[in-house]
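Inspection log for the structure reproduced underneath, given as structure tokens.
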Amino acid sequence: MLTTSARLLRLLAQLQVPGDHTGRSLAAELSVSVRTLRNDVATLRELGYPVEASPGVAGGYRLGSGSRLPPLLLDDEEAMAVTLGLILAASHGLSDTADSSMRAFSKVVALLPSRLRPRLEALAGATSNAPLGRPTVAMDALPPMAAAIHAREQLRFSYQDASGNETHREVEPYRLVLRGARWYLLGWDLGRDDWRTFRVDRLRVKVPNGRRFRPRPDPEGGFEDFVVRALDTAPWQRRYRVRLLASADVIRERAPASIEVEPDGDDSCVVTVGSDDAAMVAKYLAWWDAPFEVLDSPELLTEVRLLAQRYVDASRRS
């Protein structure tokens with residue numbers, strides 16, 4: 001049998017799970033009678049925890065909002081998930097979370113049972129965040145956008161595209177999406193009358209927000225799928241055509257949506273790759289593991305020759 005204090009903590013942990021909990025299910029979880037459960041609920045109320053009760057077959061108990069913050073009770077798996085998330089927080093496109101995440105990690109570890117502490121300390125000591133090598137956003141840049149999404153208020157901001165051109169936008173915001181360690185804002189662009197994605201590190205929000213708006217139907221496939229498709233099919237400054245000595249079906253299985261694949265006979269195909277960097281395309285072509293021919297880009301052919309010579313020189317030196 002659990003002591004009264006231990007049982008009260010277990011009851012609090014159960015009530016923190018969203019939704020109504022029947023008296024019978026809570027009593028069974030705690031291995032007590034329904035009468036004892038009622039007494040425990042009364043005790044929690046005396047201690048200042050707002051335990052609400054709703055009558056009827058579909059009713060039960062729930063923990064309401066109040067001035068007293070209940071203790072956070074985690075099982076072993078939840079504790080591992082929380083602490084691992086704190087360790088990895090700095091790698092998620094935010095520029096100022098590393099120090100605060102590790103401070104929070106230290107506080108959580110200090111409160112953990114002794115059986116978990118060595119495992120998590122070892123994990124923290126063996127884990128590090130590699131520099132992203134790309135722009136990140138400050139943590140305080142996200143809450144104003146999230147608040148506008150929640151309140152259904154238009155956002156006004158200046159936006160700088162990849163070429164450095166700055167435009168002023170009025171957008172109905174719907175989602176903040178993290179992809180590839182970059183944050184994107186998805187919204188309905190009032191000036192373009194269409195869905196658009198914006199890199200958060202390239203925009204500057206103006207205050208106050210615009211007027212409230214009525215939600216539109218979700219884009220086809222949902223918000224996250226729209227962002228993925230928009231990024232995979234983004235317009236590039238240059239497009240390169242290459243013939244691969246492999247069937248179109250084989251290449252399509254390996255290629256993302258942004259690459260066009262056209263059959264060229266049974267055992268070859270022509271791919272069109274978009275990129276702002278010919279050197280990156282030259283490296284990317286080797287990933288398909290097939291002989292190829294550059295069709296219409298002297299710039300790409302030069303990069304392929306440089307890469308080939310580099311490998312030849314390396315093989316000789318080795």
- line: Whole-Å distance linking the alpha carbon centroid of segment 1-64 with that of segment 253-285 is 60
task: Under 14 Å from the Cβ of Arg169, count the other residues' Cβ atoms, weight Lys and Arg +1, Asp and Glu -1, and hand me the total.
output: 0
- prompt: In segment 263-305, how does Rg compare with the Kirkwood Rh, expressed as the Rg/Rh ratio over alpha carbon atoms?
  reply: 0.95
- request: Would you please classify the overall shape of segment 5-53 from the alpha carbon gyration tensor, given that a ≥ b ≥ c denote the square roots of the eigenvalues, rounded means a/c under 1.5, and beyond that prolate means a/b larger than b/c while oblate covers the rest?
  value: rounded
- request: For Ala147 and Asp194, compute 0.36 nm times the residue count separating them, minus their Cα-Cα distance, and round to one decimal in nm.
  value: 14.7 nm
message: Using the Cα atoms of segment 163-206, I'd like the radius of gyration and the largest Cα-Cα distance, Dmax, both in angstrom.
response: 10.5, 28
query: Between Asp276 and Leu123, what FRET efficiency follows from the Cβ-Cβ distance if R0 is 45 Å, with the result rounded to 0.05?
result: 0.75
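Rule-based calculations on the coordinates, nothing more; no lab input. Given the structure is predicted, the values throughout are model-derived calculations rather than measurements. Quick reminder, even Gly has a Cβ in these numbers, built from the backbone with ideal geometry, and neighbours come from all protein chains shown.
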